[in-house]
Amino acid sequence: MPAKKRDYKKEYETYHGTAKQKKNRAQRNAARRKMTKAGKVRKGDGKDVAHKKAMDKGGTNGHGIKVESKSKNRSFRRDSKSNLVSETSKRERRKKK
């Protein structure tokens, strides 16, 4: 049975093209440019520019940004709808104990 194809056009219209998501994307791009200009990240270096307070938890560039490895930045717990559940990774939770 062939895999179901994603409808990218519909996805853009219903999610990525919304005003809120355009604003979030602009903030992420601005944060990356700021860190690139400061010399902290480079194209292809395997690093992400992360927000100290997650964007989907109301974070902005004003709340602070930091450089993290891609694996660390993308390892937070999420629910079935891919929303962030906890800003603490499994590794950080184990450290606290």
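The values are calculated or read from the model by the stated rules, or taken from the named source; none is laboratory data. Predicted model, so just to flag it, every value in this text is computed and none were measured. Here Cβ is always computed from backbone atoms with ideal geometry, including for glycine, and neighbour counts include all displayed protein chains. Quick note on the areas: whole protein, heavy atoms, side chains included, nothing else; ligands and nucleic acids left out. Shrake-Rupley method; radii C 1.70, N 1.55, O 1.52, S 1.80 Å.
A few remarks follow.
- Hits in segment 45-79 - residues which are among the small types (Gly, Ala, Ser) and either in contact with a Pro (Cβ under 8 Å, 6 or more places away or on another chain) or closer than 23 Å to Arg94 by Cα (or both): Ala50, Ala54, Ser69, Ser71, Ser75
- Pairs linking a residue in segment 26-53 that is closer than 19 Å to Asn83 by Cα to a residue that is assigned to a loop (DSSP other than H, G, I, E, B) and open to solvent by less than 60 Å² (accessible area, probe 1.4 Å), with Cβ atoms under 6 Å and 6 or more positions apart or on different chains, are His51/Gly59; Lys52/Gly64; Lys53/Gly59.
- Taken together, the residues in segment 53-82 that are surrounded by 10 or more Cβ atoms within 10 Å (Cβ to Cβ), out of contact with any Leu (no Cβ under 8 Å at 6 or more places or on another chain) and modelled with pLDDT of 75 or more amount to 17.
- Search result, residues across segment 12-21 that are at pLDDT 95 or above and among the charged types (D, E, K, R): Glu13
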